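The values are calculated or read from the model by the stated rules, or taken from the named source; none is laboratory data. These numbers come from a predicted model, not from an experiment. Here Cβ is always computed from backbone atoms with ideal geometry, including for glycine, and neighbour counts include all displayed protein chains.
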């Protein structure tokens with residue numbers, strides 16, 4: 001059927017998350033939520049927002065390091081501004097356009113093919129995804145009991161390892177490549193020698209243990225900072241939750257924002273965080289207030305810093321990039 005892609009053409013699908021948020025606010029005591037947020041420790045909130053600077057710096061250094069095996073030379077300063085600028089654009093636009101802007105920066109600044117530029121961004125995002133899956137798997141592990149308890153870490157390990165092994169292994173990749181060629185133009189374009197997919201694979205295969213360990217270390221430091229910021233927000237609202245509980249809740253909330261049914265994760269993130277913190281005995285109103293403070297810190301706060309970065313180092317989006 002020719003109308004199968006209809007789901008992608010309905011912008012109101014992204015309003016599902018907003019609808020979830022409206023339902024939460026309607027079912028809970030809105031006055032209590034406002035009261036909880038008004039009592040927030042502004043000093044801790046300010047520190048959490050300022051810590052966006054070193055957290056994004058660590059991620060930009062990781063991105064810069066991952067470009068080295070791909071023979072892309074990009075300075076730390078430009079990578080930092082491009083990373084923050086992408087956060088600003090990502091906040092203003094639907095989908096993951098902010099991530100694409102980083103690739104446009106690379107193409108225009110370094111003159112590399114857009115496929116290779118996109119592959120560097122995707123490689124960088126893989127480390128974020130793996131980090132969230134690990135912490136999210138630990139969160140699910142903490143909720144399960146009996147024999148089911150083993151399913152969470154095993155399932156997350158499978159999600160982390162199996163697709164990557166199949167992608168990097170020559171035999172399995174060749175099998176998928178041949179199968180894709182039979183799909184016609186799309187499959188041939190996706191697996192072409194100059195496609196972003198093959199550029200991503202080349203870049204990952206070029207990573208030595210030194211670069212890989214460096215990227216893992218920077219990812220760990222970045223997420224330690226990120227979860228530390230979230231814990232500061234919990235402390236600012238006097239939530240009776242420890243560091244691990246807060247980290248687990250935010251990791252699950254971050255994972256569900258990957259679903260294309262919300263705007264900047266609004267609603268889906270709140271529902272996941274309210275649910276998980278509820279299992280730890282945190283009142284729904286306090287959990288929702290915490291989730292909204294996470295949104296203010298990382299999306300509004302990070303977006304404002306990103307706006308400054310975009311003003312310092314914009315990119316011309318009027319130039320149509322080469323086709324991938």
Could you please let me know if residue 19 is part of a helix (DSSP H, G or I), under 24 Å from the mean Cα position of the chain (by Cα), surrounded by fewer than 18 Cβ atoms within 10 Å (Cβ to Cβ) and at pLDDT 80 or above? no
Out of (1) surrounded by 24 or more Cβ atoms within 10 Å (Cβ to Cβ); (2) touching a residue at least 24 places away in the same chain (Cβ under 8 Å), what's the single condition that is false for residue 272? (2)
Looking at (1) touching a residue at least 60 places away in the same chain (Cβ under 8 Å); (2) within 18 Å of residue 70 (Cα to Cα); (3) surrounded by fewer than 18 Cβ atoms within 10 Å (Cβ to Cβ), which is the one condition that is false for residue 221? (2)
List the pairs whose first member sits in the stretch 20-41 and is free of Cβ contacts under 8 Å to residues at least 60 places away in the same chain, whose second member is assigned to a helix (DSSP H, G or I) and loosely packed, with under 12 Cβ neighbours inside 10 Å, and whose Cβ atoms are under 6 Å apart, counting only residues at least 6 apart or on separate chains? none
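Just give me the residues in the stretch 74-119 being assigned to a loop (DSSP other than H, G, I, E, B) and modelled with pLDDT of 90 or more, in sequence order. First the steps, then the outcome.
Initial filter on the stretch 74-119 (assigned to a loop (DSSP other than H, G, I, E, B)): 74-75, 93-96, 111-113.
Answer for the stretch 74-119, where residues must be assigned to a loop (DSSP other than H, G, I, E, B) and modelled with pLDDT of 90 or more: 74, 75.
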Tell me, yes or no, whether the stretch 196-218 has at least one residue that is without any contact (Cβ under 8 Å) to a residue 40 or more places away in the chain, within 20 Å of residue 123 (Cα to Cα) and assigned to a loop (DSSP other than H, G, I, E, B). no
